[in-house]
Amino acid sequence: IKEDANATLFIKVVKAVGEQLTKLDTNQLAAFTAYVNRRKLAGTKIEVQSLDADLLELQVEVLLDPLLFDPTGKLLSDGSSEPVYQAIVRHLKVFDFGGTFYLSKLIDSVMDTQGVKDFYITSSKLNGSSFTQKIESSAGYIKLDPNTHITYVLSWSKHIGPATTTPLLAH
């Protein structure tokens with residue numbers, strides 16, 4: 001819930017379907033809006049919103065330990081596990097609903113992944129608009145855009161191996 005300069009309260013609301021957040025359908029939004037209007041203080045201006053998730057498109061390069069990862073970013077010990085991709089998705093799930101999205105916090109989340117030596121974000125867009133450092137989520141929650149590209153680089157201490165770019169469309 002946020003208040004604008006005109007003292008209108010904007011309430012963003014979504015529902016959980018399994019582990020995913022999604023907007024309310026028309027009937028649910030109407031019912032929730034009616035409920036809020038019944039419970040509000042007289043004279044309070046309220047606007048209820050339920051929007052599709054904002055889409056975060058990234059272009060990133062990740063330096064990985066070649067003793068733990070293959071060139072496609074999968075663990076050598078478990079060829080189906082993609083820890084960097086999973087760390088990004090997990091970070092978006094725990095992002096503070098309705099808050100400000102910080103790239104530095106995403107970087108911290110990915111850097112906590114064992115075997116990740118470095119994580120560079122070369123491009124970041126939310127709903128097609130470029131940004132650096134931080135951005136407000138208009139929907140209140142964010143999902144990873146399928147146009148995101150993660151470039152994996154196996155990195156020995158002084159040698160950098162070949163890069164492999166993996167588009168998210170494969171996920």
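The values are calculated or read from the model by the stated rules, or taken from the named source; none is laboratory data. In this text the structure is predicted, and so the values were computed from the model without any measurement. So basically every Cβ, Gly included, is an ideal-geometry build from the backbone, and we count neighbours across all protein chains shown. Accessible surface areas use protein heavy atoms only, side chains included; no ligands, DNA or RNA. Shrake-Rupley method; radii C 1.70, N 1.55, O 1.52, S 1.80 Å.
Assorted remarks:
- Selection count where residues are open to solvent by 40 Å² or more (accessible area, probe 1.4 Å) and without any contact (Cβ under 8 Å) to a residue 40 or more places away in the chain, scope the range 79-99: 6
- Scan of the range 100-154 for residues that are under 15 Å from Ala87 (Cα atoms), outside any strand (DSSP E or B) and hydroxyl-bearing (Ser, Thr, Tyr), ordered by number: Ser104, Ser109, Thr113, Thr148
- Sole residue being among the hydrophobic types (A, V, I, L, M, F, W, C) and touching a residue at least 40 places away in the same chain (Cβ under 8 Å), chosen from Leu9, Leu56, Leu76, Leu41: Leu56
- Any hit, the range 49-67, residues being among the small types (Gly, Ala, Ser) and surrounded by 15 or more Cβ atoms within 10 Å (Cβ to Cβ): yes
- Residues being open to solvent by 50 Å² or more (accessible area, probe 1.4 Å) and part of a loop (DSSP other than H, G, I, E, B) - total across the range 30-48: 4
- Test: residue in the range 19-29 that is open to solvent by less than 90 Å² (accessible area, probe 1.4 Å), hydroxyl-bearing (Ser, Thr, Tyr), in a loop (DSSP other than H, G, I, E, B) and touching a strand residue (DSSP E or B) at 6+ places or on another chain (Cβ under 8 Å): no
- Checked against the criteria, Leu76 counts as open to solvent by 60 Å² or more (accessible area, probe 1.4 Å) and in contact with a Phe, Trp or Tyr (Cβ under 9 Å, 6 or more places away or on another chain).
- Qualifying residue in the range 124-141 (condition: in contact (Cβ under 8 Å) with a residue 40 or more places away in the chain, more than 16 Å from Gln59 (Cα to Cα) and surrounded by fewer than 17 Cβ atoms within 10 Å (Cβ to Cβ)): yes
- Residue check, Ser109 open to solvent by 70 Å² or more (accessible area, probe 1.4 Å), without any contact (Cβ under 8 Å) to a residue 24 or more places away in the chain and closer than 30 Å to Val153 by Cβ: no
- Residue check for His149: open to solvent by 50 Å² or more (accessible area, probe 1.4 Å) and touching a residue at least 12 places away in the same chain (Cβ under 8 Å): yes
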